[in-house]
Amino acid sequence: MRSPLIIGGGPAGTAAAAVIAAAGCEVRLIERTSGPTDKVCGDFLSSGALALLEMLKVDPLVLGGASISVLRLVYQRHVAETRLPFPAVGLTRRSLDEALLHNAASRGAELLRGCAVQRLETTHDGFTAQTTALGPLPATAVFLATGKHDLRGAPRPHGADEPVGLKMYYELMPDQRAAIEDCIELVLFPGGYAGLQLVEQGRAVLCLMVSAKRFRTAGASWDGLLESFLAAAPHLVARLSGATPCLDRPLAVAAIPYGYLHRAAPAAPPNLFRLGDQACVIPSLAGDGVAIALASGTLAARTWLQREGAAAYDRLLQHRIRRALRLASLVHSGCTAPALQPLVAALARAGPGLMRLVADATRIATA
Ligand SMILES: Cc1cc2nc3c(=O)[nH]c(=O)nc-3n(C[C@H](O)[C@H](O)[C@H](O)COP(=O)(O)OP(=O)(O)OC[C@H]3O[C@@H](n4cnc5c(N)ncnc54)[C@H](O)[C@@H]3O)c2cc1C
C-alpha cells in the first residue's frame, strides 16, 4: 500500500494532503481536534502564505480576513511606521485551518478527525502510528506535521529555557480599533515582543512572545505578564484601555525552539517527511511560519509524488528557508535583548526603508 499518512491538520499537513489528493493518490490525514480550534499564532498571513493559499484556492479575504499594509514598530513611546513591501492579511487560525481541512477533504483526502497519534514506530517496511481511537495505522510514508507538539518516537531537540507564546482576542474600543486598521503593530517590551492586529469581524488579536525567565518573573501568568509589560509599553495601555477579552482564558504554548532547522541523521528513515514547525521554527516576528508550513507541505507532497525521499525534500526546503531563518533569528535577538531594543527602535525610526528591507528579506522563497 503506497497511501501515506499525514499526522497533523494545520497548514503544513493540510497543504500536503491537498496536493497528494489532487494528484489522484490516496492519502490519510489524522488530526486530533474534532472541530474548529484557536491556536497560539499571531494570525498574520504574509505574501508567501497568500500566494500558496491562492494556489490551494483558499481565499483569506472571502473568509473575512482583514487586509494589512502597514508595519508599525513601537518601543516605549517611540513609534516607527512603514508600508509593508507585500500584501498581508489578518485571519484567525480557527477559520484558516478549518478552511484548509475542508479543502483537503474536498480534493479527496481521507480525514481522520478527533483522533491523535500517540507514538510513531519505525517498522521494517515503513511506520506504524499508534493512535488514540483507531488503533495502529501502518504507512509506508509519514508526513509529520504536528506543529508545536512533538510526537513520541520522533522528537525535536530542545534547548534550555525556550520562550513562551501567549495569545488573546479583544474587542477594542472603536477609536483604538480604527487606529490599528490596516496595520500590524510590533511592540517591544523587556524580554519579548507583542503583535497586535485586526482579524475577522473587527476583533483584535494580541500575541506575545516572551522569554521563559521573564514569564516566570511575572508569576507565570497572563495577568502578571500583561501588568509587568504594560508598565513598559504605554502604547499598549492605550490600545487595551476599555477592551473586552473574547476568550475565557488566554492560549499559551511553552518551549518554542526558535531558529530550529531540521537536519536528518544519516540513519533517518527515508520516508519520514518533517513539515512546518517540525522542519523549521522561524521567530514569530517574521510572520512567516504559516508560509513555511504551506510551502513545506506542498514541497514534500510534490517530492513524494515524484517518488523521491525525505533527504531530497530536506535539501530543497533548507535551500528555500535558510537565509530568511538566519536573518529573522538575528532580528529576533535584537528585538528581545533589553540592551539592543533602543538601538532597534532608533534604526527603525531613522530609516523606515530599512524596516521594509528587513521585512522583505525575512520572507522565504515560496517557489
Ligand atoms: C507566539 C507565536 C506567534 C506566531 N505568529 C505567527 C504569525 O503571525 N504568522 C505566521 O505565519 N506564523 C506565526 N507563528 C508560527 C505559526 O503558528 C506556525 O509556524 C504554524 O502554525 C506551523 O504550522 P504547522 O502546520 O506546522 O503546525 P500547527 O499549526 O501547530 O498544526 C499542527 C496540527 O497538528 C495537530 N496535532 C498535533 N499533535 C498531533 C497528534 N499527536 N496527532 C494528531 N494531530 C496532532 C494539531 O492539533 C494541529 O492542528 C507564530 C508562532 C508562535 C509560537
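The values are calculated or read from the model by the stated rules, or taken from the named source; none is laboratory data. Given the structure is predicted, the values throughout are model-derived calculations rather than measurements. Virtual Cβ from ideal backbone geometry, glycine too; neighbours counted across all protein chains shown. What goes into the accessible areas is simple: the full protein's heavy atoms, side chains included, and nothing from ligands, DNA or RNA. Shrake-Rupley method; radii C 1.70, N 1.55, O 1.52, S 1.80 Å.
Values as computed for the structure displayed
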quantity	calculated
Any chance Ala300 is within 16 Å of the ligand (Cβ to nearest atom) and in contact with a strand residue (DSSP E or B) (Cβ under 6 Å, 6 or more places away or on another chain)	yes
Failed item, numbered, when Phe143 is tested on (1) among the hydrophobic types (A, V, I, L, M, F, W, C); (2) more than 9 Å from the ligand (Cβ to nearest atom); (3) in contact with a strand residue (DSSP E or B) (Cβ under 8 Å, 6 or more places away or on another chain); (4) in a loop (DSSP other than H, G, I, E, B)	(4)
Which listed residue is over 19 Å from the mean Cα position of the chain (by Cα) and either modelled with pLDDT under 95 or among the polar types (S, T, N, Q) (or both), from Ser34, Ser67	Ser34
Checklist (1) more than 23 Å from the chain's Cα centre (by Cα); (2) within 13 Å of the ligand (Cβ to nearest atom); (3) of a type in the set (D, E, K, R) applied to Arg156, failing item	(1)
Residue list for region 151-179, filter: open to solvent by 60 Å² or more (accessible area, probe 1.4 Å) and either hydrophobic (A, V, I, L, M, F, W, C) or not in a strand (DSSP E or B) (or both)	Pro155, Pro157, His158, Ala160, Asp161, Met173, Pro174, Asp175, Arg177, Ala178
Within region 191-218, considering residues that are of a type in the set (S, T, N, Q) and part of a helix (DSSP H, G or I), the one surrounded by the most Cβ atoms within 10 Å (Cβ to Cβ)	Thr217
Subset of region 48-66 that is closer than 21 Å to Ser296 by Cβ and open to solvent by 30 Å² or more (accessible area, probe 1.4 Å) - its residue that is nearest to the ligand (Cβ to nearest atom)	Leu50
Top-ranked residue of region 90-115 - restricted to ones that are in contact with an Asp or Glu (Cβ under 9 Å, 6 or more places away or on another chain) and in a loop (DSSP other than H, G, I, E, B), ranked as nearest to the ligand (Cβ to nearest atom)	Cys115
Condition check for Ala133: open to solvent by less than 20 Å² (accessible area, probe 1.4 Å) and either within 15 Å of the ligand (Cβ to nearest atom) or at pLDDT below 95 (or both)	no
Number of the exception - Pro85 against (1) modelled with pLDDT of 95 or more; (2) touching a helix residue (DSSP H, G or I) at 6+ places or on another chain (Cβ under 6 Å)	(1)
Test for Gly114: is it at pLDDT 95 or above and either open to solvent by 20 Å² or more (accessible area, probe 1.4 Å) or not small (Gly, Ala, Ser) (or both)	yes
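The rows are residues; the columns are (1) part of a loop (DSSP other than H, G, I, E, B); (2) at pLDDT 95 or above; (3) open to solvent by 30 Å² or more (accessible area, probe 1.4 Å).
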position	(1), (2), (3)
Leu226	no, no, no
Gly242	yes, yes, yes
Leu247	yes, yes, yes
Ala255	yes, no, yes
Ala265	yes, no, yes
Pro270	yes, no, yes
Asp277	no, yes, yes
Ser296	no, yes, no
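To keep it simple, each residue is scored yes or no on (1) out of contact with any strand residue (DSSP E or B) (no Cβ under 9 Å at 6 or more places or on another chain); (2) aliphatic (A, V, I, L, M); (3) crowded, with 24+ Cβ neighbours inside 10 Å.
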{"site": "Ser34", "(1), (2), (3)": "no, no, no"}
{"site": "Arg77", "(1), (2), (3)": "yes, no, no"}
{"site": "Ala80", "(1), (2), (3)": "no, yes, no"}
{"site": "Arg83", "(1), (2), (3)": "no, no, no"}
{"site": "Ala99", "(1), (2), (3)": "yes, yes, no"}
{"site": "Asn103", "(1), (2), (3)": "yes, no, no"}
{"site": "Gly108", "(1), (2), (3)": "yes, no, no"}
